[in-house]
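Data first, discussion second: the structure below is written as structure tokens.
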Amino acid sequence: MKRYRIGEIAKLTGVTVRTLRYYEEEGLISSHRSSARQRYYSEEVIIYIRRILELKALGFTLEEIRKIIELKAEDESGNKRRLELLSAYRMKLSESLEHRRKIDEHIGELEWHIRQLEGVEDSFQECPGRLCENCQYKGKCTFFRTDGEMS
């Protein structure tokens, strides 16, 4: 089995040496030390680092990632990790869909304001003002109350 020094792992994975040391301190990866106290990493660590980077890109925190990695000690088959990942992916998907819904709502609001401003001709200086009563946007306008008065 090939062993890699910390600089080699950093180049292969695209993370800094400092990040590798941090991941090791946090228990996300492990190294072996030579008699000269040099860190050496196995090829398995490359896979772990790539998985960590993938999970981070999907919005996982390092704490969430650590919990998944620690499941290896409980279940060599990997089934617990698979089930935990499946659950976590579903949760992240749900969060992302909600976030997308809010973004779509925000985009709709911006589009409405653009259409409103594009439709206003010479009376924009009166908004809000005397033209509010007959404005086609009064149902959505924050300046116009339902009782017909300006806010």
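The values are calculated or read from the model by the stated rules, or taken from the named source; none is laboratory data. Every value quoted in this text rests on a predicted model; they were computed, and no experiment measured them. Cβ placement follows ideal geometry from the backbone for every residue including glycine, while neighbour counts extend to all protein chains displayed.
Annotation note: of LEU55, LEU20, the sole residue that is surrounded by 15 or more Cβ atoms within 10 Å (Cβ to Cβ), touching a strand residue (DSSP E or B) at 6+ places or on another chain (Cβ under 9 Å), among the aliphatic types (A, V, I, L, M) and free of Cβ contacts under 8 Å to residues at least 40 places away in the same chain is LEU20.
If you check GLU111, GLU84, GLU98 for being at pLDDT 95 or above and within 34 Å of the chain's Cα centre (by Cα), only one passes: GLU98. If a residue must be in contact (Cβ under 8 Å) with a residue 40 or more places away in the chain, assigned to a helix (DSSP H, G or I) and not β-branched (Val, Ile, Thr), how many such residues does the range 30-51 contain? Number of matching residues: 1.
Between residues in the range 76-102 that are within 14 Å of LEU55 (Cβ to Cβ) and residues that are β-branched (Val, Ile, Thr) and in a helix (DSSP H, G or I), which pairs lie under 9 Å by C-beta distance while being six or more apart or on different chains? Correct list of pairs: ARG81/ILE68; ARG81/ILE69; GLU84/ILE68; LEU85/ILE68; ALA88/ILE68.
If the condition is being small (Gly, Ala, Ser) and either in a helix (DSSP H, G or I) or under 12 Å from LEU28 (Cα atoms) (or both), then the range 57-86 contributes ALA57, ALA73.
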